[in-house]
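The values are calculated or read from the model by the stated rules, or taken from the named source; none is laboratory data. The model shown is predicted, which means the values in this text are computed figures rather than measured ones. Every residue, glycine among them, receives a Cβ derived from its backbone with ideal geometry; neighbour counts consider all protein chains shown.
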Amino acid sequence: MKNSVLDRLKSYFDEYFSDATKPTARNLFLIIVSILALDIFRSVRFAHRHVLAKLSDTSLNAYYYALKTDRLDHESWRNVTLSKALKAVPVHLAAQPLFLSIDDTMVEKEGDKFELRSRLFDHAAHNGSNYLDGHCMVSILLSFPVLADGSIRYLSVPLGYQLWDKKQTKLEIAAEMVRHAVDAIGPDRQVFLLCDSWYPKGCVAGLVDEYNNLDIICNARIDTVMYGFPPGRTGKRGRPRKYGERLSPEDFELESPKTGDWKVGVRPVLTRLWGERVVYAIVTLPKSGNGSRRLFFSTKDPESIILDYSKCEDDTIRGYGEDNKKFLPLACYSPRWNIEVSYYESKTFWSLEEYRVRSREGIERLVNLECIAYSAMTLLPYSDGSFSCYQSASAQETRFGIGQEIQASIIFSSFVESLETVKKAQSFIKIYRRLRFIRVQKNPKVVNWCIILYIR
């Protein structure tokens, strides 16, 4: 059917598979279709039985081959998703900052046949131990501005995952992912890298020296050593001091912004994380007084952050900007939480932990197929007008709606095929009953079309 949901989806995903052979591109696209059509993507075999076999007569092994072929560069998919996201940013919002968030997540796997499976420390494990056997995946997420009801709204999409393989540290993997993203963004956009307290060190912290348009806003360990500025030259012999007096989070005077639940203190400091670069330390304490101080750093002077906070949908960004601009880095850190949301949703609704392929290539390719399908549910409403009704919907709501359309398209095609050979009314009754008891019952137009076609 022309202009069907499958045609529109294919038009969107074709760019991801431009470097693949036609059969491989087609099979990878059909895997994505099955991810969207199924409530749970249990395995490739499960998808073949319930969706793929109805769309194509391609064998199950062909789909496995598409997942493990070495000739396909799935790392390039990150830049495709990033490019689609940047196209969704209105021209008049091009000066607003972009946010990149990095983190890692763990997937527990039983059995020693999975490549790169190892013993991992997990402080959040609920298995009676702080360790689990499985995979660690480093990921990167992009937050970008769009216009929603006259206000600036930041949307977030994961760009991709990479397995940790012990040949590189997680810091090195994350730094490479950030470099690829910033290179693709270009030098003319303001970019902030957001991360929790584990990542702002080594090669990740050093990224700010590689790119003029990149700064870091991060959470930090509360015991991170900070210094004031060094005293001026005394005229005495010897090397001048690099650092001033040592500072503690307790040395910060805290204010109570009108917006938010935190008392906040900000001051420029020096820290060994960034050598002689002046950074801005932000200390927070709950206004209720029940809680401890937290420490954040920004390598960007708060006063030089270009952000139209007055039009931001986020109350915290708008409130901090209007109350005192020096609090803005703390408000700008809030999109980092979306990478945690993406982990939760990917594991709960998108079967991130369900994969059964065992090779590294197969695991990374399948996980990243799920990733681009997940991201598409946010980007499609802004790239294809026929999906614009989903702009205010969650990724899961959009997937449900599109999944219904996919299933309706599959059933409609099989219905038409059956009509070509139907001879008895009883055959039509069986097909009609099938239509009623699948999710198409929430889309009665499909049933009506089939009845009209049958009558004709």
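Conditions tested, residue by residue: (1) assigned by TED's automatic domain parsing to the domain that holds PHE13; (2) touching a helix residue (DSSP H, G or I) at 6+ places or on another chain (Cβ under 7 Å).
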{"site": "ASN290", "(1), (2)": "no, no"}
{"site": "SER304", "(1), (2)": "no, no"}
{"site": "TYR333", "(1), (2)": "no, no"}
{"site": "VAL367", "(1), (2)": "yes, no"}
{"site": "SER383", "(1), (2)": "yes, yes"}
{"site": "SER388", "(1), (2)": "yes, yes"}
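The set of residues in segment 285-325 that are part of a helix (DSSP H, G or I), at pLDDT 90 or above and of a type in the set (Asp, Glu) contains only GLU303. Filter segment 191-203 for residues that are more than 17 Å from GLU340 (Cα to Cα) and buried (at least 22 other Cβ atoms within 10 Å of the Cβ) and give the result. Within segment 191-203, PHE192, PRO200 qualify. What pairs come out if I take residues in segment 181-208 that are assigned by TED's automatic domain parsing to the domain that holds SER304 and on the phi > 0 side of the Ramachandran plot and pair them with residues that are modelled with pLDDT of 95 or more and not in a loop (DSSP other than H, G, I, E, B) whose C-beta lies under 9 Å away, six or more apart or interchain? So the pair list comes out as GLY202/LEU171; GLY202/GLU172; GLY202/ALA175.
ILE102 - would you say it is of a type in the set (Val, Ile, Thr) and closer than 16 Å to GLU364 by Cα? Here the answer is no, as ILE102 does not meet what is asked.
Residues considered: VAL138, VAL146. Of these, the only one that is within 30 Å of ASP315 (Cα to Cα) and in the same structural domain as ASN79 (by TED's automatic domain parsing) is VAL146. For segment 326-342, a residue qualifies if it is assigned to a helix (DSSP H, G or I) and touching a Leu at 6+ places or on another chain (Cβ under 8 Å), and the qualifying residues are LEU328, CYS332, PRO335, ARG336, ASN338, ILE339, SER342. One residue is enough: does segment 120-143 have a residue meeting the conditions in contact with a Gly (Cβ under 8 Å, 6 or more places away or on another chain) and without any contact (Cβ under 8 Å) to a residue 40 or more places away in the chain? Looking for residues that are in contact with a Gly (Cβ under 8 Å, 6 or more places away or on another chain) and without any contact (Cβ under 8 Å) to a residue 40 or more places away in the chain, one finds at least one in segment 120-143, hence yes. Going by the structure shown, is SER394 free of Cβ contacts under 8 Å to residues at least 60 places away in the same chain and under 15 Å from the mean Cα position of the chain (by Cα)? Yes: the conditions hold for SER394.
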